[in-house]
Structure formats: C-alpha cells, structure tokens
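Written below as structure tokens is the structure these notes are about.
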Amino acid sequence: TAIAGIAQGTGLTPTQSGQGGLYFTATKPAQDLKPERTKEIEGGFDIGFWGEKADLSATWYSSQTNDVILVTPIPPSTGYSSEAKNAGVFQNQGTELSFNLRPLTRANYAWEIGVGWGRNQSLVKDIAGAEFLLTDNVQLSTVAQKGYQLGVFRGNGWIRCGISNAADYPALNLDQVCAGKPKGAVYVDDGTNCSAQPGMPCGDDVIRVIGNPNAKWTGNMHSTFRYKKWELSGLLDIKKGGQVWNGTKGALYSYGTHKDTEGRAICTGPNNSQCTGNEHAIGDPGFYEGPVAGPGAGQKIPIGQNWYFSSGVAACPFTGYDEPCMEDGGYVKLRELSVAYTFDMPWVARTTGLSSIDLRV
C-alpha cells in the first residue's frame, strides 16, 4: 500500500516500524567460476631512419576472450535475481600507429613532434544464448548485445525507416512511406496517426540499440621544444565518433532553462494552438538534421513548450525516449601545455644529492 507523502529513498531501509532488519544481495554468490582466458595474435614493427631523426611504429592485434564473467539473470524462484557466470565470448581487434620526427637536435636546442593514431573494435560474439546482458544500469542501460560492440546504449527512440519494425505500426504504412528513403530517416506524422501535432516525430516503443559510445578512432599530436634548460611541450588529444547520452540537456529542455530554449515560440489560445516566433521542421539544418519521411515531412512546427516539454520525446530523462539526448561525443582537446626548467647546478647535487631537478608547470 502506498503511503502518501513518503520521500524518495525512504522505502530502501531494512528497518520498518521500529523493527530492525538486514539486507542481503539480490545477486546469488557465484557457485562455479572458471578464469577468463584470452588468446591473442599480435604483430608489428618499429623503424628508425634518417640518422634516428625519425621513427615509425605499427601494431596490429586480434584477440578473443572466452568465459567472460557476466552477471546474468536467473529465475526469481531461486530467491535471487542474478548470478555471476562464465557467459560471454568477446572479440577485440585493433591497430596502433605512431610517427615521431626530430628535425632539430642541437646541443643547446632541440625540437620533436609526433602523431599517433589508433582504432579498437570490440564484438560480442556470444553471451550464453541471450540477446543482451546489462553492463551498467545507472541511468541509460549499456549492454553487451550479440553482434554489437561492447557497451552500446539500449533504449527507446523515434520511429525510423529501416530500423523500426513496420509490422509494429501497421497504420503508418512504413514500407510504402519509407520506400526510397535512406535507412534511419525519421518518420514525421501529420497529426493523425501517432502524434498530436503535424510535423512531429513519433516514439518507437520497441527497445533497441540507439547509440554506441565507442570511438571510431583516437589520435594525438605532441610537440616538445627545448632551449638550453627550458622546455615547452604540448599534447593534443583527439577522439573521432562515439556517442554520449546528455540527460542534463534533456532535463534543462524540460524546465525551459537551457540556452537553446531562449528563442522559443510563444503560444496562446485554446490548447496553445496559436503560435508565433521560432518555427522549424524536423530535418532542418541546425535544428534536428537528417533525412525524414512521412506525411508530415517538411511541416514546420513552433518550437516552444510543445517541443521542449510536451512532445513526449524531447524531454528524454522523464519520458523514456532516450534517443533525442544522444550526442556525438567526439572531441579535439588541448590535453596538456607545460613549461619546464631544469636545475642541474653544482648546488643541486651538494644540497639534495640529486644530479638534476625538473620544475614543471
């Protein structure tokens, strides 16, 4: 029986009505675990040339891990909900490249510059016959799902051509509407089938993979210049691809406090039906870019409370539709910029017993 006024979290205590209690884990202690075993093939080379003014290295690897330990569901009749078992077969392949160049190598000054590039691709080959298993369930589920990279996001998204199952939505005639449209095109309704307003997308209630946090590739650039006892160095870090779930932005959209909501349309009249101001169509450049399909494609909608709060798909932390909060997690970062000075005067050895000391900021 629900108790009016009870606060979130209060029901998580084992002590009720003054009677003490104990917790016990819902995960059954493992009964029989074997060690995970990995077999790997790796090859590569390291080459120095131009009188050691340059070097090039490359590595390629391919590995498979069997008996990966995963927390798997078990029948509730056991008194538990899950148990750690040897349940997974994972594959990992990748390539790493690096090139360093030293164009200046003098006694009083020197300069080195280098670049690195790497790509790693995992693959879940088997998880004890299951379609997927959770790897994290803090907010949006990340899973090990057969046929995908490890850690992909699983949740609800928008109805999309070639991704959503047409049989689940017979009234939309997806096979006909999506003919000739690229895979992933967003279905936009005319307000008669699955949305309350023409020009709005429709939520897909079938849970699926909606994002991948794994980078397509990573890279770096570094450079160091030394003049006598001074040294200046920097490191640029690059990640290409890989998605993140920005639930904070979705929440701020819902509250109307995000920067993007400042230019929202103003709606008045019955059911806020008379709107002026900011209008866009799904797929417009700079708004929600990408291909679209459906009877409402190209229909402009006022971008206000109807979109940021009432659409049922935009406020992803609260509505259960998480795909609108998926964003590109790639970046180019100045990871480090430093200046150093080397103290190697006679007093350093006399005072500290050390040959030199580097002071770095």
#### Entry: In region 19-52, the residues that are over 27 Å from residue 81 (Cα atoms) and open to solvent by less than 70 Å² (accessible area, probe 1.4 Å)
43, 44, 48, 49
### Query
Across region 177-191, what is the number of residues that are touching a residue at least 24 places away in the same chain (Cβ under 8 Å) and surrounded by fewer than 20 Cβ atoms within 10 Å (Cβ to Cβ)?
6
### Query
Can you tell which of 232, 236, 174 is crowded, with 16+ Cβ neighbours inside 10 Å, under 30 Å from residue 115 (Cα atoms), modelled with pLDDT of 90 or more and hydrophobic (A, V, I, L, M, F, W, C)?
236
### Task
Can you give me the number of residues within region 220-250 that are in contact with a Pro (Cβ under 8 Å, 6 or more places away or on another chain) and part of a strand (DSSP E or B)?
2
### Spans of strands (runs of 3 or more DSSP E) in region 251-361 with at least 1 residues within 21 Å of the chain's Cα centre (by Cα) and among the basic types (Lys, Arg)
331-343
### Query
Among 297, 251, which is the only one that is out of contact with any strand residue (DSSP E or B) (no Cβ under 9 Å at 6 or more places or on another chain) and surrounded by 13 or more Cβ atoms within 10 Å (Cβ to Cβ)?
251
#### Entry: Top-ranked residue of region 148-166 - restricted to ones that are of a type in the set (A, V, I, L, M, F, W, C) and within 13 Å of the chain's Cα centre (by Cα), ranked as nearest to residue 125 (Cα to Cα)
150
### Message
Filter region 195-217 down to the residues that are open to solvent by 60 Å² or more (accessible area, probe 1.4 Å) and in contact with a Phe, Trp or Tyr (Cβ under 8 Å, 6 or more places away or on another chain) and list them by number.
### Response
217
### Task
Could you figure out which of (1) under 22 Å from residue 183 (Cα atoms); (2) open to solvent by 70 Å² or more (accessible area, probe 1.4 Å) isn't true of residue 244?
(2)
### Message
Quick check on my filter: what residues within region 128-183 are more than 20 Å from residue 211 (Cα to Cα) and among the β-branched types (Val, Ile, Thr)?
### Response
177
### Summary
Being open to solvent by 50 Å² or more (accessible area, probe 1.4 Å), over 19 Å from residue 259 (Cα atoms) and of a type in the set (A, V, I, L, M) narrows 292, 348, 361 down to just 361
### Task
Please specify each residue of region 65-92 satisfying the condition of being in contact with a Phe, Trp or Tyr (Cβ under 7 Å, 6 or more places away or on another chain) and either of a type in the set (A, V, I, L, M) or open to solvent by 40 Å² or more (accessible area, probe 1.4 Å) (or both).
68, 74
### Query
Just wondering, is there one or more residues in region 100-120 that are free of Cβ contacts under 8 Å to residues at least 12 places away in the same chain, part of a loop (DSSP other than H, G, I, E, B), open to solvent by 80 Å² or more (accessible area, probe 1.4 Å) and small (Gly, Ala, Ser)?
yes
### Query
Using beta carbons and a limit of 8 Å, which pairs, at least six apart or on different chains, have the first residue in region 38-49 and in contact (Cβ under 8 Å) with a residue 12 or more places away in the chain and of a type in the set (D, E, K, R) and the second one open to solvent by 80 Å² or more (accessible area, probe 1.4 Å) and in a strand (DSSP E or B)?
42/60
### Hits in region 342-361 (condition: under 21 Å from residue 225 (Cα atoms) and of a type in the set (Val, Ile, Thr))
342, 357, 361
## Note on the structure
Filtering region 43-64 down to residues that are aromatic (Phe, Trp, Tyr) and either under 32 Å from the mean Cα position of the chain (by Cα) or assigned to a strand (DSSP E or B) (or both) yields 45, 49, 60, 61
### Query
Where residues in region 133-149 are open to solvent by 70 Å² or more (accessible area, probe 1.4 Å) and of a type outside the set (Ser, Thr, Tyr), which of them is modelled with the highest pLDDT?
146
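The values are calculated or read from the model by the stated rules, or taken from the named source; none is laboratory data. Remember, predicted model here, so these are calculated numbers, not experimental data. Methodologically, a virtual Cβ is constructed for each residue, glycine included, from the backbone with ideal geometry; neighbour enumeration extends over all protein chains shown. Please note that ligands, DNA and RNA were not included when accessible areas were found on the heavy atoms of the full protein model with its side chains. Shrake-Rupley method; radii C 1.70, N 1.55, O 1.52, S 1.80 Å.
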